[in-house]
1. Among the residues of region 111-124, which ones are touching a Phe, Trp or Tyr at 6+ places or on another chain (Cβ under 8 Å) and either part of a strand (DSSP E or B) or among the hydrophobic types (A, V, I, L, M, F, W, C) (or both)?
2. All but one of (1) farther than 13 Å from Ala81 by Cβ; (2) modelled with pLDDT of 95 or more hold for Gly237, so report the exception by its number.
3. Every residue in region 102-143 that is in contact with a Gly (Cβ under 8 Å, 6 or more places away or on another chain), farther than 18 Å from Ser71 by Cβ and surrounded by 15 or more Cβ atoms within 10 Å (Cβ to Cβ), please.
4. Answer yes or no: is there a residue in region 192-212 that is surrounded by 14 or more Cβ atoms within 10 Å (Cβ to Cβ) and farther than 23 Å from Phe82 by Cβ.
5. Does Gly87 satisfy the condition of being assigned to a strand (DSSP E or B) and surrounded by fewer than 19 Cβ atoms within 10 Å (Cβ to Cβ)?
6. Could you grab the pairs with beta carbons closer than 9 Å, sequence gap of 6+ or different chains, first residue in region 49-68 and closer than 15 Å to Val127 by Cα, second one among the polar types (S, T, N, Q) and part of a loop (DSSP other than H, G, I, E, B)?
7. Of Val219, Val241, Val205, Val223, which residue is in contact with a Leu (Cβ under 7 Å, 6 or more places away or on another chain) and either outside any strand (DSSP E or B) or on the phi < 0 side of the Ramachandran plot (or both)?
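The values are calculated or read from the model by the stated rules, or taken from the named source; none is laboratory data. These numbers come from a predicted model, not from an experiment. All Cβ positions, even for glycine, are placed from backbone atoms using ideal geometry, and neighbour counts span all protein chains on display.
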Amino acid sequence: MKPFVPMAVVLTLASSVAADAQTRPARPAPRPRPVVAERVFLSVNGVFQAGSNDFRDTSTFRENVEDGSLSTDYSVGPGPAFDVSGGVVVWQRLAVGAGITRFSHSTPTAVSAAVPHPFFFNQPRTVTGEFSGSRTELAVHLQVRGVFPLSNRIQVAVFGGPSFFRVEQAIVDDFDFTEAYPFDTATFSRAMSRTQSESAVGLHVGGDVAYFFRPEVGVGVGVQYSGATVQMTLPSGSSDVKAGGAQVGGGLRLRF
């Protein structure tokens with residue numbers, strides 16, 4: 001019987017180990033941590049620029065040996081814009097990149113003038129009319145971006161940095177009018193204009209939420225504010241003109 005003693009001891013120990021393994025609770029599997037494996041990103045958006053950047057100018061001119069006045073009210077209202085940005089993740093959740101926003105919109109301009117009378121002093125004739133101008137804004141944004149994945153499909157980003165604006169605006173320099181004897185009234189004919197182009201440095205901040213239905217392709221919505229003040233040369237002299245504004249929109253999201 002002695003040869004069977006060691007075998008019995010081994011079987012007893014094996015049974016104890018198996019029973020202990022069955023009663024010991026299993027450790028839960030670690031939850032996967034959302035990561036952004038893709039280092040390069042690209043966003044293409046259609047956006048709407050809200051708010052208005054209206055401005056006004058009043059200048060004087062010489063007519064019939066007397067000073068007259070010319071006032072122009074430029075209406076720069078909200079409208080659609082196009083935005084594209086891209087960059088690369090440089091460290092963990094920190095990325096750097098650049099973006100471009102283009103905004104182009106008509107700028108209806110109300111023209112009002114006081115034209116001196118050819119026969120009498122201090123009896124100007126009021127002349128009013130309209131001019132259909134345009135405004136184009138091109139902004140280049142340098143971005144520092146924080147990328148925060150909430151899951152493998154949902155990603156949040158915040159960004160900001162300097163912006164470089166190029167603004168083109170149609171400016172009314174002069175106007176034509178018609179008059180007839182006894183010259184008590186005058187009628188607006190047309191406005192003469194030129195395109196003024198100026199540059200300025202501003203800033204931008206914003207945020208974005210994206211949903212990726214494939215690892216590389218998704219859609220997103222975002223909000224951004226960008227703005228700058230440019231110095232325009234108007235008939236009355238140099239004047240500050242606002243550019244940019246709050247923008248909201250969405251579009252395609254890509255990451256590689």
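1. Taking region 111-124 and keeping what is touching a Phe, Trp or Tyr at 6+ places or on another chain (Cβ under 8 Å), we get 111, 113, 115, 117-119.
Selection gives Val111, Ala113, Val115, Phe119.
2. Only one criterion is unmet by Gly237, namely (2).
3. Phe103, His105, Glu137, Ala139, His141, Leu142, Gln143
4. yes
5. No: the conditions fail for Gly87.
6. Here the result reads Thr58/Ser236; Ser59/Ser236; Thr60/Ser236, each pair linking region 49-68 to a residue that is among the polar types (S, T, N, Q) and part of a loop (DSSP other than H, G, I, E, B).
7. Answer to the selection: Val219.
To keep it simple, each residue is scored yes or no on (1) within 21 Å of Gly68 (Cα to Cα); (2) of a type in the set (S, T, N, Q).
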{"site": "Tyr181", "(1), (2)": "yes, no"}
{"site": "Asp184", "(1), (2)": "yes, no"}
{"site": "Thr187", "(1), (2)": "yes, yes"}
{"site": "Gly207", "(1), (2)": "no, no"}
